[in-house]
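S.K.: Please read through the structure below; I'll follow up with questions.
The values are calculated or read from the model by the stated rules, or taken from the named source; none is laboratory data. Predicted, not measured: the structure shown is a model, and the values here were computed from it. Here the Cβ is made from the backbone with ideal geometry for all residues, glycine too, and neighbour counts use every protein chain on show.
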Amino acid sequence: MSREAEVPEPLFRLSGISKRFPGIWACRDASFEAFAGEIVGILGENGAGKSTLMNIATGLLRPDGGQIEFEGHPVTIRSPMDARRLGIGMVHQHFMLVPTMTVAENAAIGARPRRPPLSDVRRVAAHLREVSERYGFPIDPNARIEDLSVGARQRVEILRVLAQGAKLVILDEPTSVLTPQEWDDLSGILLALAAEGKGIILITHKFDELFAVADRCVVMRDGQTIGNVAMKDATKPALARMMVGRDLVLRVEPVHVDPGEPVLSVSDICLTDDTGRQLLDKINFEIREGEILGVAGVDGNGQDELVAVLSGLISATDGEIHFKGSPVPQFSPRDFVEMGAAVIPADRHGQGVVLDLSVEDNLMMSDFWTDAFSKRGWLRRAPIHDRTRRLISEFNIRTPNAAVLLRQLSGGNQQRVVLARELDRHPKLLIAAQPTRGLDVGAVEFVYERITQHKQCGGATLLISTELDEILSLADRVAVMVGGRVLQILDIHDADAERLGLLMAGGRSA
């Protein structure tokens, strides 16, 4: 079946959609359509209205105005169940899974039971096996979600939607937690689904993904749809300019800084869990002033555990850590901050923010106890408000005001809050774990500039990323982690994507 075949009527159409939250328009007269058998991308800055528009399409939000059509007929979608009955399924950026339940039990949630609960779960498990084999998703339906890697959990989300028989599949930043190899697998699946006649909507910040699979791209800005471009006629600079209204630098020029004294040194760091399983195995490296050490590796190879040990969340089983030449055998997260270090955690919601606190409270979480912002146990509100206003402006955090609950912001703006809080302290050591995950190209450009500025000011940075282009653009040296071990450390001039990919797969570099 030709993916370019003419289809007389859109599978799905949104016309004149508007949605207002307190103090801000999330969508204003936005329109969008998707055809069966095509992959259409949605581009836009964080807070441009992409996710809001798709949440309306799936019944998570009700529009204030506009019309929805599906298969040529006007429809009212009051709930996700309504969307599911029509054949609309969405894979959300943040997992909608119950960690203590199995894959099959999660897939059965929301389905109308046809049999007693136990046998219904068995039926769902059998159906999941069939669908996973059909689309090449090797997932055990009886596996517990909390035992799966981040990438596997994302595949479960996608598999669940496919198993529900969706005619239109919406994916909101589906690769933000996937490795390049996993994206290759997913792109093949999306192309196969489109060839079968399904409509695919792909919300992404990654141009390469759009050029790899999309037929068409819709661009949103400030809650409005401002462009509809065939990918064969598109260029990266033109799309970026359409997104943010100005020219962007899409790749960082290397900045050379003569490294100074060691800031962080780790020697033979080991970590075992309660069962005796080795999570970190004799990790050795050092980072000097004005240097960025990149850590490349497939998710789940010890990166999270390394960050937890270095930031004081857990203690290493063995080994030594030196900060600015002094040993730090035991330390807490607060000690970590007081030493002059900062961390941007990979798990934004679990470790980076508190969604039910305000923007201001989240910006102050690392500093409220310091003399600048408190006196004898009482918060000094004037300097707190001044700092909050400055950070919202400097980091372009899109929020109606500082009192808004953080959960009301887009994922990218939540990440900007974390970046603002940590980078504003001008740390001697910055641990940046997946710092651009879920960010648009404008925000990525800004993060790269700030990390580069930190380097130029003599700061040391440990950059942990699954984005090889990010590491190759920013790092001076790159360590490859496999199975909780540092397999090899390369000077950036000796590293390229092919060589790093071989090492990440457990091979030995030539």
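S.K.: Consider SER176 carefully, then state whether it is hydroxyl-bearing (Ser, Thr, Tyr), outside the structural domain of ASN301 (by TED's automatic domain parsing), modelled with pLDDT under 85 and more than 22 Å from the chain's Cα centre (by Cα). Working first, answer last.
M.R.: Details: hydroxyl-bearing (Ser, Thr, Tyr): yes; outside the structural domain of ASN301 (by TED's automatic domain parsing): yes; modelled with pLDDT under 85: yes; more than 22 Å from the chain's Cα centre (by Cα): no.
Judged against the criteria, SER176 is not a match.
S.K.: Next up: Report every pair of residues separated by at least 6 positions or lying on different chains whose Cβ atoms are under 8 Å apart, first residue within region 131-148 and on the phi < 0 side of the Ramachandran plot and at pLDDT below 80, second buried (at least 18 other Cβ atoms within 10 Å of the Cβ) and basic (Lys, Arg).
M.R.: Listed by first residue and then by second, the contacts come to PHE137/ARG155.
S.K.: Tell me the strands (runs of 3 or more DSSP E) entirely within region 1-106 that contain at least 2 residues that are under 30 Å from PRO138 (Cβ atoms) and among the hydrophobic types (A, V, I, L, M, F, W, C). Give the steps one after another, and end with the answer.
M.R.: On the way: elements: 12-21, 24-34, 39-44, 65-70, 73-75, 88-91.
Because the criterion is at least 2 residues that are under 30 Å from PRO138 (Cβ atoms) and among the hydrophobic types (A, V, I, L, M, F, W, C), the strands (runs of 3 or more DSSP E) in region 1-106 that meet it are 39-44, 88-91.
S.K.: If you don't mind, there's one more thing I want to ask. Within the set of pairs 6 or more residues apart or between chains, which connect a residue that is of a type in the set (Gly, Ala, Ser) inside region 183-197 to a residue that is modelled with pLDDT of 85 or more with Cβ atoms less than 7 Å apart?
M.R.: Pairs found: SER187/ALA212; SER187/VAL213; ALA194/GLY37; ALA194/GLU38; ALA194/ILE39; ALA194/ILE200; GLY197/ALA36; GLY197/GLY37.
S.K.: Restricting the search to region 404-463, which residues are part of a loop (DSSP other than H, G, I, E, B) and either polar (S, T, N, Q) or over 24 Å from LYS206 (Cα atoms) (or both)?
M.R.: Pass one, region 404-463, residues part of a loop (DSSP other than H, G, I, E, B): 404, 409-410, 424-428, 434-440, 457-459.
VAL404, SER410, ASP424, ARG425, HIS426, PRO427, LYS428, GLN434, THR436, CYS457, GLY458, GLY459 - these are the residues of region 404-463 that are part of a loop (DSSP other than H, G, I, E, B) and either polar (S, T, N, Q) or over 24 Å from LYS206 (Cα atoms) (or both).
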